[in-house]
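So the structure is just underneath, and the comments pick up after that.
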Amino acid sequence: VVGSAAVQGYSKRELPRGGGVIRMIYMAAFAMEEGLSLMDALNNTPLPWWRSANEKQWQATNSSHIFYNDVDASLAEVCEAQLDLQAKGSFESKQTYAAWKHIDSTYIVCSRDNAIPKQAQEAMANQPGGRFTIEYLDAGHSPFLSMLHQTVKTIRETVGEPM
């Protein structure tokens, strides 16, 4: 959500002197329509693995199963220990710019993701007005940990780099 909003005005065709964003890559991520928040999309119902830590922050529960289900157990344990609380505002803030409507985008669907189910990822990648191509990784929510080389290969191919 934040990445989409951050590139507004920075697409390659919007910058007359060259440079600019040539492609967006969403990987097991939220591709939200303008004016919607993640909580709107969830009918203001927190996911079952969220716990309210306080008035302003969420805490993930069962995070090893949700985020690291296909990651080596010792690495998952290290990553889980480093997780911090998440600001509720990031779930409540409305999307201000849907980059995927304006910039060619790739959605990398992670088929074994326990945080964002495959069907939800596919639905976001197939929204009307989207400029998505879809790639698949047989991975959980953190393919950059569980299948690093395949993730890098997919990203490099997506941006047109020879392998």
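The values are calculated or read from the model by the stated rules, or taken from the named source; none is laboratory data. Since this is a predicted model, take the numbers as computed values, not measurements. Glycine gets a Cβ as well: all are built from the backbone with ideal geometry, and neighbour counts include every protein chain shown. We work out accessible area using only protein heavy atoms, side chains counted, and drop any ligands, DNA or RNA first. Shrake-Rupley method; radii C 1.70, N 1.55, O 1.52, S 1.80 Å.
Couple of notes before you dig in:
- Heavy-atom SASA rank of Leu15, Leu38 (probe 1.4 Å, accessible area, largest first): Leu15, Leu38
- Hits among lysines - C-alpha to C-alpha of Lys153 under 26 Å, sequence gap 8 or more where chains match: Lys12, Lys101, Lys118
- The helix-only estimate of mean residue ellipticity at 222 nm for the chain, built from DSSP H runs of length n ≥ 4 each weighted as -39500 (n - 2.57), is -7500 deg cm²/dmol after division by the residue total.
- Solvent-accessible heavy-atom area per residue, rounded to whole Å², over the chain at 1.4 Å: 56
- Centre-to-centre, using Cα atoms only, the range 130-146 and the range 86-104 are separated by 19 Å.
- All C-alpha to C-alpha distances of the range 15-111, sorted into 5 Å bins beginning at zero, yield P(r) values of 2, 11, 15, 18, 19, 16, 11, 5, 3, 1 percent in whole numbers.
- Isotropic mean projected area of the C-alpha convex hull, the chain (nm²): 10.4
- Looking at the range 48-134, the GluC sites (Glu not before Pro) that sit in a DSSP loop and have at most 12 other Cβ atoms within 10 Å of their own Cβ are Glu55.
- Protein accessible area in the range 56-163, 1.4 Å probe - carbon and sulfur %: 51
- Proportion of all alpha-carbon pairs of the range 13-72 beyond 14 Å (%): 74
- Scalar couplings 3J(HN,Hα) for the range 23-32, obtained by applying the Karplus form with A = 6.51, B = -1.76, C = 1.60 to θ = phi - 60°, are 6, 9, 10, 9, 10, 6, 10, 8, 10, 9 Hz; x denotes Gly and Pro.
- Within straight-line cross-link reach of Lys88, aspartates and glutamates at Cα separation under 20 Å, skipping those fewer than 8 residues along the same chain: Glu33, Glu34, Asp40, Glu55, Glu80
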